[in-house]
Amino acid sequence: MNKVAKVTLSFWIIKICATTLGETAGDLLSMTMNVGYGISTVILMGLFLVSVIAQLFANTFHPILYWTVILTTSTAGTTMSDFMDRTLGLGYAKGSLILATCLVIVLAVWRFSEKSLSVSNIQTTKAELFYWIAILFSNTLGTALGDFLADDSGLGFLGGAALIGTIIALIALAYYITRLNRVMLFWLAFVLTRPFGATFGDLLTKPLEKGGLGFGTVGSSAILAILLVAFVTYTIIAEKRTPKAATA
């Protein structure tokens, strides 16, 4: 039985909320609480492993569990990217290149092993495992890309978010007016929604003198958590109201 969310407009809205919350929550643990990138990565990777194991053993699609795994990949990806780029000194550009290479390798092995990269009809444990590994790498890559655009490129938080938002809009347009491979478009959009969330999260948390809105990691995380819960609850209610025949 398929255990992943349907790729709809609601999916992308919730995904952006989850990845933005992952950015602010990861920074809250590693920076605001001064836990550090290394220890934070260990803690958050542990949470990811717990949630993804529960997801793999589930027999049906559970929206709350599914989006919990997405959120834990985002928070773990935030601190893991920061650990690579800052603690290990790789820098945003080199870190992005390494993570992009890892993502391409995962997708290539997935395609070779399963003969498909479908993200809408995953019915085997192996395919689902590839799916979550690819999502973990894509969210980690997105953090590095977001930091690169916000800091190294000179665009700043707002400029980086605007650039990525424009590219995402072009991908959406390509989906409707071209015949480009849908799986390729999905992963491009999936990767880019992460740096969009990262730059938007930095825009919310950073102080005014650094180009942010000054909500801080605590305030921003609280706001985003409320939005995430609201959107997930809405999709659950909407799904229950949809007649089973129409859903089929």
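No lab work stands behind these numbers, since they all come straight from the coordinates. In this text, all values refer to a predicted model and were calculated from it rather than measured experimentally. So basically every Cβ, Gly included, is an ideal-geometry build from the backbone, and we count neighbours across all protein chains shown.
Data table
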| item | result |
| --- | --- |
| Unit charges on C-beta of K, R, D, E only; dipole of the chain, Debye | 960 debye |
| Nearby aspartates and glutamates by direct alpha-carbon distance to residue 126 (threshold 13 angstrom, same-chain neighbours under 8 apart not counted) | 114 |
| Mean Cβ neighbour count within 10 Å, used as a protection proxy, ranking 217-229, 17-29 highest first | 17-29, 217-229 |
| Over the range 9-247, relative contact order from alpha-carbon pairs under 8 Å, at least 6 apart, % | 27 percent |
| Centre separation in Å (Cα based) which lies between the range 120-161 and the range 26-84 | 13 Å |
| Farthest toward positive dipole pole in the chain [+1 Lys/Arg, -1 Asp/Glu at C-beta], among 163, 216, 9 | 9 |
| Restricting the range 16-121 to chymotrypsin sites (Phe, Trp or Tyr not before Pro) in coil, as DSSP defines it, with at most 15 other Cβ within 10 Å | 61 |
